[in-house]
Amino acid sequence: MLRRIRGAFSKAPEPFPELAPVSLRPIGVVRGRAKSTDDLGDVAALKSRIVVRPELEPALLGLDTWSHIQVLFWPHQVPEDVRGSKAQLHPRDDPQNPLQGVLATRSQIRFNPVLCTAVRLLGVKGNVLHVQGLDAIDGTPVLDIKPYIARFDSVPEATMPEWVTRGDG
């Protein structure tokens, strides 16, 4: 009886299947004045370029009609031995912030550090996108680009922990 009661309150982890590794080839690279994350400064005002592989230029047709895009990129300067090294951390390395699981943060120290930022698209010229607000440094591999669609990408009723709204967000 006691075993049945304990079983009702303790859940075993759901089995996870063996999956094949995923391999990605960057579609482009970030070019800009920021050579390290210390150089990013006021990211909202930061202008940079995304140079797309020339053979993919036809895939940019129509992108210039959008005001904003989502950029998915790989933080290439995070050392491989650091990626996924912390399952839990204090956001922004600030012990005033509560200990969080890395998947509950925007930290670059992730198991698969695919980062995503919505940016203003200033223009498209050939295979080069001119953007503003991209928090990626020069040489960052770009994995994908998607148009920003407010009804899908914005969630007005979204909530977040108090520590996110404290300080610089």
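The values are calculated or read from the model by the stated rules, or taken from the named source; none is laboratory data. Remember, it's a predicted structure, so these values are computed and weren't measured experimentally. Reconstructed Cβ throughout: ideal geometry from the backbone, glycine too, with neighbour counts over all protein chains shown.
Here are the numbers for this structure:
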| quantity | calculated |
| --- | --- |
| Test: residue in the range 72-83 that is over 26 Å from Gly28 (Cβ atoms) and part of a loop (DSSP other than H, G, I, E, B) | yes |
| Counted residues, the range 84-124 - those being free of Cβ contacts under 8 Å to residues at least 24 places away in the same chain, part of a loop (DSSP other than H, G, I, E, B), buried (at least 16 other Cβ atoms within 10 Å of the Cβ) and not polar (S, T, N, Q) | 1 |
| Residue within the range 14-24 that is under 22 Å from Gly133 (Cα atoms) and touching a residue at least 60 places away in the same chain (Cβ under 8 Å) present | no |
| Lone qualifier among Asp64, Asp38, Asp81 - being within 18 Å of Thr140 (Cα to Cα) and either of a type in the set (Asp, Glu) or in contact (Cβ under 8 Å) with a residue 40 or more places away in the chain (or both) | Asp38 |
| Test set (1) small (Gly, Ala, Ser); (2) closer than 20 Å to Val43 by Cα; (3) modelled with pLDDT of 95 or more - Gly126 fails condition number | (2) |
| Residues of the range 139-168 satisfying the condition of being aromatic (Phe, Trp, Tyr) and either more than 18 Å from the chain's Cα centre (by Cα) or in a loop (DSSP other than H, G, I, E, B) (or both) | Tyr148, Trp163 |
| Residue selected from the range 48-83 under the condition of a type in the set (D, E, K, R) and modelled with pLDDT of 95 or more, by the criterion farthest from Val124 (Cα to Cα) | Glu55 |
| Residue match in the range 39-46 (condition: loosely packed, with under 13 Cβ neighbours inside 10 Å, of a type in the set (Gly, Ala, Ser), at negative phi and in a helix (DSSP H, G or I)) | yes |
| Residue that is surrounded by the fewest Cβ atoms within 10 Å (Cβ to Cβ), among those in the range 55-71 that are in contact with a strand residue (DSSP E or B) (Cβ under 7 Å, 6 or more places away or on another chain) and assigned to a helix (DSSP H, G or I) | Asp64 |
| Tally, over the range 117-133, of residues that are in contact with a helix residue (DSSP H, G or I) (Cβ under 8 Å, 6 or more places away or on another chain) and under 16 Å from Ile27 (Cα atoms) | 4 |
| Residue that is modelled with the lowest pLDDT [pool: residues in the range 156-166 that are within 24 Å of Arg92 (Cα to Cα) and not charged (D, E, K, R)] | Thr165 |
